[in-house]
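Below is one structure, written out as structure tokens, with a few remarks after it.
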Amino acid sequence: MRFLKFMALLEGTSLLLLLFVAMPLKYQYGMPEYVSLVGRAHGGLFIAFNVVLFYHVGKGHLSETKGFLGLLASLVPFGTFVYKAKVLKAHSA
């Protein structure tokens, strides 16, 4: 479960970097290469987070509902941070 929490942080951070660093660099300063680089990294981390998430669902460590909430959380900015703090913290308590 510790690795899932770590992946939630990585995935969330990569999305924030994409939205708040790479995108402004592209549109304000004409530097599209950062969107390409950070976008690929975020895409890989998004997939990796969801693979790890559903691995835990498949092993019975998380319910299907909590897995689905994790999937939804990975789609919105700050979502995986909230998921880690609320759902995963409550699960380990």
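Could you check how much of the accessible area of the chain is carbon and sulfur, as a whole percent, using a 1.4 Å probe? Whole-percent figure for carbon plus sulfur exposure: 70. Pairs of Lys residues in the chain, spaced 8 or more positions apart or belonging to different chains, with C-alpha separations under 24 angstrom: 11 in total.
Report summary: the helix-based calculation at 222 nm, which adds -39500 (n - 2.57) for every DSSP H run with n ≥ 4 and divides by the residues of the chain, gives -22500 deg cm²/dmol. Contact order for the chain, expressed relative to its length and based on alpha carbon pairs under 8 Å spaced 6+ residues apart, stands at 36 percent. Counting charges near residue 82 (Lys, Arg +1; Asp, Glu -1) among other residues having Cβ under 14 Å from its Cβ returns a value of +4. The alpha carbon convex hull volume per residue for the range 17-71 rounds to 62 Å³.
Of the complete DSSP H runs in the chain, those spanning 15 angstrom or more by Cα along the long axis with a mean Kyte-Doolittle score not below 0.5 are 2-17, 33-58. Here the chain has an Rg and Dmax of 14.4, 47 Å, counting Cα atoms alone.
The values are calculated or read from the model by the stated rules, or taken from the named source; none is laboratory data. Given the structure is predicted, the values throughout are model-derived calculations rather than measurements. Virtual Cβ from ideal backbone geometry, glycine too; neighbours counted across all protein chains shown. Remember, those area values only see protein heavy atoms, side chains included, never the ligands or the DNA or RNA. Shrake-Rupley method; radii C 1.70, N 1.55, O 1.52, S 1.80 Å.
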